[in-house]
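Everything below concerns the one structure shown next.
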Amino acid sequence: MQTPALLAALPLIAGVASAQWWPAPPGAIWALPPVIVALAVAMWRRADERWVGILFIVAFAVVGWELGTSRQSEALDTTLVRWFDGQPDAAGGRVGPVVVEGVLQRDARPTPYGATLDLDVELVQRAGRSSPARGGLRLSVGGALVAEHQEVWRAGRRVRVSVTLRVPDAYLNPGRRDEARRRALAGTALLGSVKSALLVDVVSSGGLAAEAAASLRAGVRRVVGREVGRHSVRSAGIVTAGLIGDRAGLDDETTRRLQESGTYHVIAISGGNIAILAACLLGIGRLTGCRPRLLAWSTIGLLGAYAFVVGREASVARATTAAVLWLAGGLLDHRAASLGVLATTAFLVVVWTPLSVVDPGFLLTFGATLALVLGASRTTEWLVARLGVTSPLGRRSARPAVMVIAATVCAEAALFPVG
């Protein structure tokens, strides 16, 4: 098999996905060793390659099933949620005011009413009693002083906040997704309201790398706002979104237009952005005469640094992983097959963040890429043949334009069900 990574990636993804509807019973992972031993013995006695495939498929499917079940349980039943449910006033859906302490996962994002903070809670205090509690919390900070303080609310910094906690709204209309479950699986266990920016205290700064990344993001916002914003505030918001993935500067009308035109992905840091950055770095390195191995290592390091600066976007992690795998293959003198890189990337992403399989972005990313890898070249050749161009020069001239059309058709056909 040319892409053995598929034998690991596909059953792992299927196992994690199946856990969302049919969770594995406690201790299901212990059924894996006997299965592996039994299949290994059968494989050794029969020397049949089919048993090798069966061994991998069963093993990784069971691992994915158990992994998806455990991560889903952790996401839906965090210690923060258990603490919330144990409070005497939790029956009303709100608890507070309480004091929570944790680490900011992203820079503060301005909103029409103030700012939004994403906090990884570590400690909860109420009535003089402190309790360790872990879970994701999204805070809405209001008041007139937010603009003066949001600059110091940077990712990686530890803050202490006086907040009123509440559970996310659960829509019960037919066909409507469970919003509370969706938020929990995405890492947000509870929501919180903060009346004033004065109730958010920065306890300590982040590490050296986190502070450097936050300063760089702030510098990009400042420079773009000064150089581009003086001509057009809307253009400044789009440029900032394209450079560091910060879409807070986009107005509602621009966001709506991008969504309705199907071009919203342009301002989201994803595969296209990483590919352009990697191509620019490799092109500059070759023009300057950089040695191939040194250039590959430098590109890997710069792509990793860029992904760290941009933040915790899943699309950035997926694209950067694929680029690093492709470059690493070259360092090992291996020609990386596109389908193998895609399967390996999917495997690593699911192992690191199993619940990403329920994220539409995961399906969009790998669905579009898979359609391009499997169908774009074949569709291009088929279309070129149907054009009736017989001369080699004519076929070579027509192929680039036809490939654009073929790639678009393949990607849209794969993404239509997801959309």
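Okay, here's what the table says:
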item: Of the criteria (1) of a type in the set (A, V, I, L, M); (2) more than 12 Å from V194 (Cβ to Cβ); (3) open to solvent by 40 Å² or more (accessible area, probe 1.4 Å), which one V99 fails; result: (2)
item: Inter-residue pairs, beta-carbon under 6 Å, first farther than 30 Å from F362 by Cβ and in the range 388-417, second part of a helix (DSSP H, G or I) and of a type in the set (G, A, S), 6+ apart; result: V389/A398
item: Tally of residues being touching an Asp or Glu at 6+ places or on another chain (Cβ under 8 Å) and at pLDDT below 90 across the range 201-216; result: 2
item: Of all residues in the range 102-122 being assigned to a loop (DSSP other than H, G, I, E, B) and over 16 Å from S193 (Cβ atoms), the one that is farthest from the chain's Cα centre (by Cα); result: D107
item: Close pairs from the range 327-349: first surrounded by 15 or more Cβ atoms within 10 Å (Cβ to Cβ), partner assigned to a helix (DSSP H, G or I) and of a type in the set (K, R), Cβ under 6 Å, at least 6 apart; result: V349/R318
item: In the range 359-391, the residues that are open to solvent by 50 Å² or more (accessible area, probe 1.4 Å) and not in a helix (DSSP H, G or I); result: D359, L387, G388, T390, S391
item: Residue within the range 84-91 that is of a type in the set (F, W, Y), modelled with pLDDT under 90, open to solvent by less than 50 Å² (accessible area, probe 1.4 Å) and out of contact with any Pro (no Cβ under 8 Å at 6 or more places or on another chain) present; result: yes
item: Any chance G394 is at pLDDT below 80 and either open to solvent by 80 Å² or more (accessible area, probe 1.4 Å) or outside any helix (DSSP H, G or I) (or both); result: no
item: Considering residues of the range 240-262 that are open to solvent by 50 Å² or more (accessible area, probe 1.4 Å) and closer than 18 Å to S215 by Cα only, the residue modelled with the highest pLDDT; result: L243
item: Check on V402, open to solvent by less than 60 Å² (accessible area, probe 1.4 Å), out of contact with any His (no Cβ under 7 Å at 6 or more places or on another chain) and modelled with pLDDT of 85 or more; result: no
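The values are calculated or read from the model by the stated rules, or taken from the named source; none is laboratory data. None of these values were measured; they are calculated from a predicted model. Don't worry about glycine lacking a Cβ; one is built from the backbone with ideal geometry, like all the others, and counts go over all protein chains shown. Only protein heavy atoms, including side chains, enter the accessible area calculation; ligands, DNA and RNA are left aside. Shrake-Rupley method; radii C 1.70, N 1.55, O 1.52, S 1.80 Å.
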